[in-house]
Amino acid sequence: MVFSTFGVTVTASVFALVVSALLIVLILWLSHKYSWYDVRDSRKVHTEDVPRLGGVGLYFSFFICIIALLFIVPGFSFSSRLVFLLLGFMLVHLMGLVDDFHPIPALVKLLGQIAGGVLLVLGTIQIRGIALPFLPFGFGLGFLAAPLTVFWVISVSNAINLIDGLDGIAGGVSLICAIAVGIIHMMIGSDIGIVYSFTLAGAIAGFMLFNLPRARIFMGDSGSLFLGFALGGLLFIDVPAVETATGFSANETLPLNWYFFFASLTMLLLPVMDMLASILRRVRQKRPVHSPDREHLHHKLLDFGFSLPQILLIVYGIVLLSSGVAVLWLASRIWPATIPALAGDMAVFTVWVFITAFFLVIHFTNRRRKRLKAS
């Protein structure tokens, strides 16, 4: 790269933050003028009129910043990969924006997400293999790389969408994960990945100025779907300068990008588990998987008597932990002489056990609370 990665990254992230904040101010004014408010129902916590178009500021601050880099920064080149990336993000953002005004049928929304995922794959964002902790081998995906990538970005998109139920929760989780993805790109020497990830983080930070309790604006589906696609895809955006990594055995080397999927899953484990729990719950209750309810993790914590700031501290703390361990696990594969692979694997295992146990305790405690209340 011709450009200074550090200078461009700092400039881009600050620029994205400022543009995001300015756009949110404009969107707030328009929303109050034309009554573009979130629809209140029994699942919602807020009792006042709150605009839900924050995702427009999120997406366009990222988009404007990336386009500006093309014209301002020597060496930041226009490519087909960038075109497909921005088109994929734009498609899911616009679909979410339409859904924020007029609900889209679930099948149509799914088809739109699939189309967005295909665009990312065409832009060479693919999960090419999977390597797991404790295993001395990995799994090359071959022709399965494209469909698994589409499935993954759709899953993350829906996970962020479902966790977006309290002030600051989805934005904070996304900000932590975007920074973690940026740190991983720093570790592997991916200049493009660094700039994109921290630009996204800047855009989210600008939005968060208005979304922390008490929120003045929500991101809506236009924001949560875009963020899910970005978080699901940005880790796979560039071929790393470090092409291989040491595996569980010192004699084993695997393509470094095979480790990205499990690292990404670990990072996003809390929202992904909440999504899986909601799917299982609705299947068990013989309801459509896309039907809404008030049984998500944040709803249960509210019912237990936790305040909104306390819930944010719990969720942010867990996501910080899982993201930090995901970074540590990858570091153990890149620098095994400094961080033994076994130490990285044990850290990941511990976090998975902890988060799983946390979910189970919350689930069964909530079930017992409801039974006692009904009796």
- Item | All positions within region 332-351 that are of a type outside the set (Val, Ile, Thr) and buried (at least 17 other Cβ atoms within 10 Å of the Cβ) | Ser332, Arg333, Pro336, Ala341, Gly344, Asp345, Ala347
- Message: I need the full set of residues from region 29-59 which are surrounded by fewer than 19 Cβ atoms within 10 Å (Cβ to Cβ), under 22 Å from Leu225 (Cβ atoms) and modelled with pLDDT of 95 or more, in order please.
- Response: Leu30
- Item | Positions within region 175-194 being within 11 Å of Leu234 (Cβ to Cβ) and part of a helix (DSSP H, G or I), in sequence order | Cys177, Ala178, Ala180, Val181, Gly182, Ile184, His185, Ile192, Gly193, Ile194
- Please tell me if Ile188 is at pLDDT below 95 and of a type in the set (Val, Ile, Thr). yes
- Item | 1 or more residues over 30 Å from Ile217 (Cα atoms) and without any contact (Cβ under 8 Å) to a residue 12 or more places away in the chain: qualifying helices (runs of 4 or more DSSP H) within region 70-170 | 145-163
- Query: How many of the residues making up region 308-354 are among the hydroxyl-bearing types (Ser, Thr, Tyr), over 19 Å from Leu231 (Cβ atoms) and under 21 Å from the mean Cα position of the chain (by Cα)?
  - Reply: 0
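If you scan region 60-85, which residues turn out to be at pLDDT 90 or above and either of a type in the set (Phe, Trp, Tyr) or more than 19 Å from Phe198 (Cβ to Cβ) (or both)?
Matches in region 60-85: Phe60, Phe62, Phe63, Val83, Phe84.
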- Query: When region 296-309 is examined, which residues are found to be touching a residue at least 24 places away in the same chain (Cβ under 8 Å) and outside any helix (DSSP H, G or I)?
  - Reply: His296, Phe304
- Query: Are any of the residues in region 217-224 among the aromatic types (Phe, Trp, Tyr), buried (at least 19 other Cβ atoms within 10 Å of the Cβ), part of a helix (DSSP H, G or I) and at pLDDT 95 or above?
  - Reply: no
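In this structure, is Ala21 surrounded by 23 or more Cβ atoms within 10 Å (Cβ to Cβ), in a helix (DSSP H, G or I) and modelled with pLDDT of 95 or more?
Spelling it out, it is not the case that Ala21 is surrounded by 23 or more Cβ atoms within 10 Å (Cβ to Cβ), in a helix (DSSP H, G or I) and modelled with pLDDT of 95 or more.
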- In region 263-285, residue surrounded by the fewest Cβ atoms within 10 Å (Cβ to Cβ) [restricted to those that are farther than 15 Å from His363 by Cα and of a type in the set (A, V, I, L, M)]: Val283
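Every residue, every condition in (1) in contact with a helix residue (DSSP H, G or I) (Cβ under 8 Å, 6 or more places away or on another chain); (2) surrounded by fewer than 20 Cβ atoms within 10 Å (Cβ to Cβ); (3) under 22 Å from Met275 (Cα atoms); (4) of a type in the set (D, E, K, R), yes or no:
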position	(1), (2), (3), (4)
Gly117	yes, no, yes, no
Thr124	yes, yes, no, no
Pro136	no, yes, no, no
Gly140	yes, yes, no, no
Ile169	yes, no, yes, no
Gly172	yes, no, yes, no
Gly182	yes, no, no, no
Ala215	no, no, no, no
- Message: Only one of Leu227, Leu200, Leu235 is more than 30 Å from Ser307 (Cα to Cα), surrounded by 24 or more Cβ atoms within 10 Å (Cβ to Cβ), touching a helix residue (DSSP H, G or I) at 6+ places or on another chain (Cβ under 9 Å) and modelled with pLDDT of 90 or more. Can you tell me which?
- Response: Leu235
- Message: What pairs come out if I take residues in region 310-337 that are assigned to a helix (DSSP H, G or I) and pair them with residues that are surrounded by fewer than 18 Cβ atoms within 10 Å (Cβ to Cβ) and among the small types (Gly, Ala, Ser) whose C-beta lies under 9 Å away, six or more apart or interchain?
- Response: Leu328/Ala343; Ser332/Ala343
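The values are calculated or read from the model by the stated rules, or taken from the named source; none is laboratory data. What you are looking at is a predicted structure, and each value in this text was computed from that prediction instead of being measured. Counting neighbours? That spans all protein chains shown, and the Cβs are built from the backbone with ideal geometry, glycine included.
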